[in-house]
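First comes the structure, then the notes that go with it.
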Amino acid sequence: MSVRTSKPGAGRCRKQRRMSLRTTKTPMIVSASYRTDIPAFHSQWFAERLAAGYAMVRNPYGSKDYRVDLSTGATSGFVFWTRNARPFLPQLDHLAETARPFYLQYTVTNYPDMLEWSVPPAAHGIEVIRHLSRQFGPRAVVWRYDPIVLTEMTDTRWHRENLAMLADQLARLVDECVFSVMHPYQKTRRNFSRYNAPELIDGAHHLLPELAEIVADRGMQPTLCSQPDFLQSPLMPAACIDVARLSDVAGHPVTARKKGNRPGCPCAESRDIGRYDTCAHGCLYCYAVRDPLAAREAVAAADPLSEKL
């Protein structure tokens, strides 16, 4: 009877190779964050988590917290969501110096203070976008004029004039403007009532074609975020997590499977590291904050050395 032999340790090596194949993960795009404004309020926290190589994230649906690997090999790029990136400029410089690609979804709406209490003036946002575009290129910034909120103070005429004024200043700095129509969530209506905001008016989607033409005339692609029923030319579906844009910024292909967050969403798959109710901008229409005053207190109490927000 013949006996099958192998080199010493060969079985162990094969086992290790199988384990390696099972545990190897495709690099992931990190979203930071559509749940809060990390650049504006949690810059130091992000720096600490990047240095540590991971972040713990509180599951918003009550399940266990989860770990997101932020090490170089585990991330293919970052998408930041903000209304004020100035505090975050050192972190962006560091990412660029270490060849870790990113781009920013940057909201500038110029709404009255009654609707957004603590948002920097539009001139501030435009100045920072100008710096980002010159420093990192126009593909590194997407302008968001969203959500469109119709009220007695911000009616259709106001939006047309306001958008044209902003678009004149942002032309040639960005190549895309993302729109959405505010969804009247229960917490949104509650905050409007609680803080005596102007009365909401329905029908903002009828304004979309005119606003889209305003930015298109200034060389920007108008896109619409996850509202396919309102799509019409020249609007295109917005991919907020966009592998094509991230690839352009990176200078090499970035791949990720398409995994939209909602119907009509063409976003690529990503892992978000933010937490709801931790943004202090005070936007009464925000889907991510139950109560602006409570969110302000949460930001003040946040520990930048914590593993999670």
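The values are calculated or read from the model by the stated rules, or taken from the named source; none is laboratory data. Keep in mind it's a predicted model, so treat the numbers as computed, not measured. Cβ sites come from the backbone with ideal geometry, for glycine too, and all protein chains shown count toward neighbours.
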Checklist line | the stretch 264-275, residues that are out of contact with any Ser or Thr (no Cβ under 7 Å at 6 or more places or on another chain) and of a type outside the set (D, E, K, R) | finding: PRO266, CYS267, ALA268
Notebook entry, point to check: Given the conditions (1) without any contact (Cβ under 8 Å) to a residue 40 or more places away in the chain; (2) touching a Pro at 6+ places or on another chain (Cβ under 6 Å), and given that ARG257 satisfies all but one, which numbered condition is not satisfied?
Noted result: (2)
Checklist line | Residues of the stretch 71-123 classified as in a helix (DSSP H, G or I) and farther than 25 Å from LEU150 by Cβ, total | finding: 15
Checklist line | Matching residues, the stretch 1-58, being aliphatic (A, V, I, L, M), part of a helix (DSSP H, G or I) and at pLDDT 50 or above | finding: ILE38, ALA40, ALA47, LEU50, ALA51, ALA52
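Among the residues in the stretch 276-284, are any crowded, with 17+ Cβ neighbours inside 10 Å and not in a loop (DSSP other than H, G, I, E, B)?
Scanning the stretch 276-284, I find at least one residue that is crowded, with 17+ Cβ neighbours inside 10 Å and not in a loop (DSSP other than H, G, I, E, B), so the answer is yes.
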Checklist line | Residues of the stretch 223-247 satisfying the condition of being touching a residue at least 60 places away in the same chain (Cβ under 8 Å) and touching a Gly at 6+ places or on another chain (Cβ under 8 Å) | finding: LEU246
Check: Pairs, please: C-beta under 6 Å, at least 6 apart or cross-chain, first residue modelled with pLDDT of 95 or more and hydrophobic (A, V, I, L, M, F, W, C) and in the stretch 90-103, second assigned to a helix (DSSP H, G or I) and surrounded by 12 or more Cβ atoms within 10 Å (Cβ to Cβ)?
Finding: PHE102/LEU95
Margin query: Which condition from (1) surrounded by fewer than 20 Cβ atoms within 10 Å (Cβ to Cβ); (2) at pLDDT 95 or above; (3) touching a strand residue (DSSP E or B) at 6+ places or on another chain (Cβ under 8 Å); (4) among the acidic types (Asp, Glu) is the one that GLU199 breaks?
Written below: (2)
Item checked: Where TYR61 falls short, out of the listed (1) at pLDDT below 95; (2) among the aromatic types (Phe, Trp, Tyr); (3) in a strand (DSSP E or B) -> (3)
Notebook entry, point to check: In the stretch 202-260, what residues are acidic (Asp, Glu), crowded, with 16+ Cβ neighbours inside 10 Å and either at pLDDT below 95 or in contact with a helix residue (DSSP H, G or I) (Cβ under 7 Å, 6 or more places away or on another chain) (or both)?
Noted result: ASP248
